[in-house]
Each structure stands twice: as C-alpha cells, then as structure tokens.
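Trainee: Shown below is the structure under consideration.
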Amino acid sequence: MNSYENQIPNGGHFEAPAIQIANQACLSCKKQKRKCDKALPACALCNRMNRACDYSDATPPPTSDDFNALKMKVMQLEATLHGRHSQPTSYTPSSSSGLAVAESIGHQIPAYNPTQDISWQGVQNRFPAIAFLDSDTFKYGGVVVPKPLVEIPGDVLQLLGDGPEIQDIITKYFETVHKWMPIVSHKRMTRNMVNPMWEGGPDLALLFLCMKLITSTPPDGIEASQSPLYISAKRFIALLEATGSASLHVLQAGLLVTWYEYGQAIYPAAYMSAGWCVRYGNMLGINGNSEAAEILGRTGTWVEQEERRRTWWGVLLADRIVCIGSQGYIPNPQEPTPEDVLPVHDYAWEAGEVTSAGQRTVGMPIDVAVDPFPRLCQAYSTMGAVISHHHGKKLPDEKDQFMAATQLYSEISNLILKLTEESTNDPLGLASPLAVAYSTLCMLCKRYSCPSTRNCAPPSTQAASEMQTQAIEGLRSVSASIKEFAGHIADVTPQPLDLDRVSPIIMDALYSAASNYAWMVRESGDETCQNALDSLRNTMRRLGVRWRSAAEYLRILEAQEFTYAVGSAGS
C-alpha cells in the first residue's frame, strides 16, 4: 500500500471505487477452461500472463489447430478402444540428474497430427518501435514491451508430447548439452515447471523444442536440415520474431538451434543464425553495455542476472566458433575487455549462493581456479587476441610483430598446460575449452608457417625464416597434443550413447591436427605422421555418428588427398 493517502485538493479523502465485474468469463479462460474472476478491464489470469483480455460475446471461429486437436482426440479414443498405447520414450533419465519437476508437468497436453502449416493470418506485432527509434525515451519513459499473442503451433505440441516426455527432454538436456554450454538456469527451469506449458508461454515451449532438437541425432538417411524437429524449430522462431517477441528463452532457443546447425554442418544457416543471436542479444540489452536498452527490464534475482550473462557469453562463443574456418578474419566489435566478468561457479549459480559465487574477470591470471565454462570464455578471449594480431593493426617493425606472436604462443601454451592438468578429473567437461585453445594455437602458427604469400614462397628475411621454423615446430607439437586429446575423448566415450556428452566444439581442433598431419605426410611420407592421421580419422569417423560436422571434415580431408594425388600424377 502506498504510504501517501488518496487525497483531494481540499484535504478530504475519497474511497477507491468498487471493482467492476463482467457478466461472463473472458474468452481466454473459457478456451482453457480456467476459473475467471471476471475483473474489469482484465481478469487476474490475463493480467498475470500479460495478454489481451476479451469479454465479448462472440465465440471465435475454430482454427485448423482446433480441428486437428479434435481429430487427434477421436483417434486417441479409437486407439484406447482397440487397446493400442503409445510407446514410451527411448531415453531413460538417470537418477543422478536431480531435476525436480512439479507434478503439474504431468498434465496431458493435446496431441496433434503431423506437421501442419503455421497460419500467419492474424499475426500481430505489438513491439514498440520507440525502443529502436529513440532508446533514451524508451528507457526513461517506462515503456513496456507487451507479450505477443501467439498460440503454440500444433506440430510443436505434437513433437513435444505429454508431460513425462517433456520431463525426459529436460533431464537429458541437463545431463548432456548443459555440461558444455550451461546457459539455461536449472533453478529457474524447475520453477517454470510449476505451471503447465501452455501457461508458461510460447517462448518456453520453443525452448523445450530446441532442447529436444540439440539432444537428438537426425535419423539415418535424412538430411539434418530436413529433420521435422529442425524445421518446426526454425518456423516457430520465425513466428515469434514476426510477432515482436522479446524473451531470453527465445534467444537461448536460437543458440541451441545454432549449435545444432554447427554440429550438423548446416551452412550457411549456422553462420546466419549466429549473427541473429548477436542481434537479438543486443536488442534484449544483455551485452553488459550501460547504453543498451533494457528490453527485458531489470533482473529480479542474482540467478537471473547470471543467466543473462552466461547467455551473452554463449552468443559470443557461437558467433566465433561457427565461422572459425571462414570468417575468422572479421574482428568482433564487442570483444570482451580484461575487466569484463566471467561466469561464476556452476554450483553457486544453481544453488543461488551469491556469497560463494567467486566472481572472476577475463584478465585474471589463469592460475586462478574456475569451472569449465569460464575456461571456455578465457579460451575464446585468447583466440580473439590472435585474430586481432593477424588481422588488426600491424606493428611497424617486423621483429616486434614476431615478438608479439611469440608472447601469444607462450600465453596459449600456458593455458593449454593448465587445462590439460585440470582435465585429468573431468576430460569431457574441459574438452571444449581445451579444443578451442588448441585451435587458437593452430591459428597462430599456421599464419607464420607459410608467410606472406599463398604459394608459400621462402621468407624474405632472416627473422621471418626463424619465425617460420618456430611456427612449423609449433604445429607439429600442437598436432601431437591434439592426437593425444582425441585418444582421451575416445577412452571416456566407449559406448555410442556416451557420444551425447561430447561437444561439437572440439571438431575444429581435430580437423586442424588431421590437416597438419596430412600435410606432413605429403611433405615427408613419414609413417608416424600417417599413423597419427589414421588415428584422428577413426576418432572423427566415430564422432560423425553424433555430429555430422565430423563426417564433413573427413570428406574435406579425402578431397584434399584426391586433389594432391591427381596433381602428383600429372606432374
């Protein structure tokens, strides 16, 4: 209650008017068969869901989804009469997950026929343009971004299934993908499951769908880009974008789609999706810049604030890694500074323990112990330094440039040594940061191993010649380390199901080492290098069952060998 009394100019008082009540329940409550308090101008449930409340007498005409739902219910009734039952999900969550899901998730969600076209008729975009046209007025004028009025598409509901199936999706996600890309709050997700999904909103349904997508392997014989899960996820994101949706869940879903596209080598979609995530994250204002418009509003809890920070780090990581082999020459104008904050300890975040969070910054010494995700962010920043070294402003003296490269080599090597030491207890958890560090070292050395020209002409100076020798030795050394790293990955994933815990982020490092060994074999015919190449190929072939990018890298290696063989035969 406000401490100031309601007063009129003459010092008197007036009483608040009585709450007006409608004659009937609103259309939304009628449709969902929920109790409506009939308050005017909007009922409590519609107010809480931030949606339009309609008390008109007109009954909306049934949609195609309504007809599909009715048809499916008839089919379910017929199946029950004939004794047919749906098969349970093939994934059985382990008891160690600890994901507490409320009983309300078990409410039956209507099933639907196979994928139906999303009806775009009547789609409304109520996003306030002022957020982009005059962000200062938006920030200080108290403008609120309304939630879009979007029905969850029928094909999405069908793909998600009922409550127990969604519970399995969430459990598998937190046991696999979350281990290498922890951007979704386990704590907040558990709290969100108190209400049925249709009350959680379309953005939460989209996140569930993308969790299922990233934890699924495309069926054999079907292109990853033609997977029904993938197609539905892309269409659902497009629908929410068209309605002006501004939600952290939508961004997190977009990131999961991006990682799926990267892992399954769906290009240029992965590159475009990563760019979309950067723009969407900037729109939401989670980039840490004080000038950003706070579309999402201020966070209510420290857990939510940390989730936003982790999501932005996920955006930066995806934007760099998905184009590491082609667009790496483009610097990131939002490169983190040494003062930027890293993600905190996972256990503190999940438990909401602010006092034990252990906040660290990008520029801290690598000797300070942190979790795997902050290590991945450190490796990302180191790669950014190498990109800046290669494609940024060059030092006027060649020797100074070489000294800067040598310093970078030392820093990356120290990071690799630290990660290798820490990975003895958690090889899969630290596989992603270690692989990015390996890729960074390969990126640094490759430029100096074949300097100045595309045809690798001899260095023009003594300093350049010495740098070339060091770079080639660096490539030999890091390639041997990556081969050993690949062996450790194989050792801890003996079963096919274990591959679900492997991150697609490691593929570039494996390919870089294999490509280096293939080059060494062509140059010298060394048998040891050939054995190392064969070992890396076997690892990539095995990983290709889960992530098709590994198989695509293998095809590139084969094409390179074929081109070399043809060239050698013709010379």
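The values are calculated or read from the model by the stated rules, or taken from the named source; none is laboratory data. Source: prediction; values computed, not measured. Cβ sites come from the backbone with ideal geometry, for glycine too, and all protein chains shown count toward neighbours. Note: accessible area is taken over every heavy atom of the protein model, side chains too, but ligands, DNA and RNA are not part of it. Shrake-Rupley method; radii C 1.70, N 1.55, O 1.52, S 1.80 Å.
Trainee: State whether region 488-550 is rounded, prolate or oblate according to the following rule on the C-alpha gyration tensor (a ≥ b ≥ c being the square roots of its eigenvalues): a/c under 1.5 gives rounded; otherwise a/b larger than b/c gives prolate, and the remaining case gives oblate.
Mentor: On the way: a/c = 3.03, a/b = 2.10, b/c = 1.44.
The shape class here is prolate.
Trainee: Using a probe of 1.4 angstrom, how much of the accessible area of region 490-539 is carbon and sulfur, in percent? Intermediate results must be reported in sequence, preceding the final value.
Mentor: Numbers: 990 of 2150 Å².
Of all accessible area on region 490-539, carbon and sulfur atoms account for 46 percent.
Trainee: Shape call for region 414-571 from the C-alpha gyration tensor, a ≥ b ≥ c root eigenvalues: rounded (a/c under 1.5), prolate (a/b greater than b/c) or oblate?
Mentor: On the way: a/c = 2.39, a/b = 1.38, b/c = 1.73.
Here region 414-571 falls in the oblate category.
Trainee: Sticking with this structure for a sec: So how far, in whole Å, is the C-alpha centre of region 327-363 from the one of region 145-184?
Mentor: Spelled out, the Cα-based centre of one part sits 26 Å from the other.
Trainee: Using only the heavy atoms of the protein chains and a 1.4 Å probe, how would Lys139, Lys179, Lys394 rank by accessible area, largest first?
Mentor: Lys179, Lys394, Lys139
Trainee: A follow-up question, please. When only the heavy atoms of the protein chains count and the probe is 1.4 Å, how do Trp180, Trp519 rank by accessible area, highest first?
Mentor: On the way: Trp180 10, Trp519 80 Å².
Reading off the accessible areas and sorting them downward yields Trp519, Trp180.
Trainee: Would you work out the charge dipole size for region 132-184 about its Cα centre, treating the Cβ of every Lys and Arg as +1 and the Cβ of every Asp and Glu as -1, and quote it to the nearest 20 debye? Kindly include the intermediate steps, with their values, before the conclusion.
Mentor: Numbers: 4 positive and 8 negative charges, 50 e Å.
Once rounded to the nearest 20, the dipole reads 240 debye.
Trainee: For the pairs Lys147/Lys212; Lys31/Lys147; Lys147/Lys187; Lys179/Lys418; Lys33/Lys172; Lys147/Lys179, note any where the Cα-Cα span goes beyond 27 Å.
Mentor: Flagged as over cut-off: Lys33/Lys172; Lys147/Lys179.
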